[in-house]
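I have placed the structure first, in the form of structure tokens, so that the comments after it can refer back to it.
The values are calculated or read from the model by the stated rules, or taken from the named source; none is laboratory data. Treat the numbers as computed from the prediction; the structure is a model and nothing was measured. Methodologically, a virtual Cβ is constructed for each residue, glycine included, from the backbone with ideal geometry; neighbour enumeration extends over all protein chains shown. Side chains included, ligands, DNA and RNA excluded: accessible areas come from the protein's heavy atoms. Shrake-Rupley method; radii C 1.70, N 1.55, O 1.52, S 1.80 Å.
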Amino acid sequence: MNYRKLGRFNVRVSEVGVGGWLTHGRSIDDDSTSEIIHKSFDLGVNFFDTADVYNNGEAEKSLGRGIKGLKREDLVIATKCYFPMSDRPNDRGLGRKHITESVHNSLKRLEVDYVDIMQFHRFDSETCLDETVRAIDDLVRAGDVLYWGVSEWTGQQITDLVHTAKELNANPPASNQPIYNMLTRGIEEGVLQACEQFGIGNVVFSPLAQGVLTGKYQPGLAAPEGSRGADTSSNMFMKRFMDDETLTHVQNLKEFAESQGFGLAEFALAWCLRQKQVSSVIIGATSAAQVEANVKASGMQLDSLIWERAERILEGR
């Protein structure tokens, strides 16, 4: 496993991290979660991602139980807040009250004394940036949070946030967690440039497009039983990739990756990691075997011509 700094900040995260968006506390039990986490750690993974809203807190609880037996200082744990956690009027958003209470509740669910990275899950148009920045800066100064960042913010929103932190003499954001994969490349226009300018590291989610870039889905066929594509409670974000044309291109890409000596999943993850602004790719796993296959992407160095050919294949050229 190779490790990268979180942007310009001197904390190193594994190039492949493990997240629990649709798995921890939901589709796999605690024993399986623990097995996956410990196997991941044995393979060099030190970065584990979660959020308070994932299964309404159950993902954090499951991760907290899963890391038992591992040294806390060997782990980089990231969580997030913003989305409503109840019907209470202040249990949402990025105001001081919600951020402070969210962090403290996450610490209880994770059963840890601090989180390495707290990220704001979405931009909050109803809260002034100075309130948000002062709240998280106070939590950093208190030792509850070491680094902080955002998720799915635009390049301009990130720029405004950095400038606000500077004006307040507050600790600046260190991370950004956007969606990024070979089929979803929106951050290449604006977001990556802002992150590079301010030294922010990107820890990208859905690097395999919800599993589409594993090649398991075939054009003209129903999604395999037991797969995410067949789960109507979790496949809503991948439906846009499930048309026959896209799936045909993915199958062609799979053939190309295998001709180069790689599985499609590790190839697609390595494509994300070709960007120097990407610190880590966050995978979801329902088995230790999936982690073993995906960590092979770490350290993969391929000629730019191979990546260009891969991109043309996905475009149908």
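Given the -39500 (n - 2.57) contribution per DSSP H run of 4+ residues, what per-residue ellipticity at 222 nm results for the chain, rounded to the nearest 500 deg cm²/dmol?
Working: 10 runs with 116 residues, N = 317.
One gets -11500 deg cm²/dmol as the mean residue ellipticity at 222 nm.
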**Request:** Any chance you could tell me what percent of the C-alpha pair distances in the chain go past 36 Å?
**Result:** 15
**Asked** What percentage of the solvent-accessible surface of segment 108-253, computed with a 1.4 Å probe over protein heavy atoms, is contributed by carbon and sulfur atoms?
**Response** 47
**Request:** Hey, can you grab everything whose amide H is under 5 Å from the amide H of Y82? Only 5+ residues off in sequence or another chain; H modelled, so Pro and N-termini drop out.
**Result:** G93, H121
**Item:** Percent of alpha-carbon pairs separated by more than 27 Å within segment 158-317
**Value:** 29
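Might you tell me the accessible area per residue for the chain, computed with a 1.4 Å probe and given in Å²?
On the way: 13790 Å² over 317 residues.
Dividing the accessible area of the chain by its residue count gives 44 Å².
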**Item:** Percent of Cα pairs exceeding the 16 Å cut-off, where the set is segment 49-132
**Value:** 49
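Over all pairs of distinct alpha carbons, what does the Kirkwood formula give as the hydrodynamic radius of segment 78-171, in Å? Before the final figure, lay out the partial values.
Values: mean 1/r = 0.0756 Å⁻¹.
Hydrodynamic radius (Kirkwood, Cα pairs) of segment 78-171 is 13.2 Å.
Do the alpha carbons of any pairs in K39/K216; K39/K254; K108/K296; K61/K97; K108/K216; K80/K276 sit beyond 32 Å of each other, and which pairs?
As for pairs spanning more than 32 Å Cα to Cα, those are K108/K296; K108/K216.
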**Signed unit charges on C-beta, dipole axis of segment 39-188, positive-most listed residue Y82, N56, V150** = N56
**Fill in**
D (µm²/s, integer) via Stokes-Einstein for segment 1-148, Kirkwood Rh across alpha-carbon pairs, 25 °C, 0.890 mPa s: value 157
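Which whole-number percentage describes the relative contact order of the chain, with Cα contacts under 8 Å and a sequence gap of 6 or more? Kindly include the intermediate steps, with their values, before the conclusion.
Working: 608 pairs, mean separation 63.0, N = 317.
After rounding, I find 20 percent.
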**Asked** Based on the Cα gyration tensor of segment 92-245, what are the three equivalent ellipsoid semi-axes, each the root of five times an eigenvalue, rounded to whole Å and given largest first?
**Response** 34, 19, 12
**Complete:** For segment 50-89, the Cα gyration tensor yields equivalent-ellipsoid semi-axes (√(5λ), largest first, whole Å) of 24, 11, 6
**Asked** When DSSP beta bridges are limited to those with both residues in segment 111-221, what percentage is antiparallel, rounded to the nearest 5?
**Response** 10
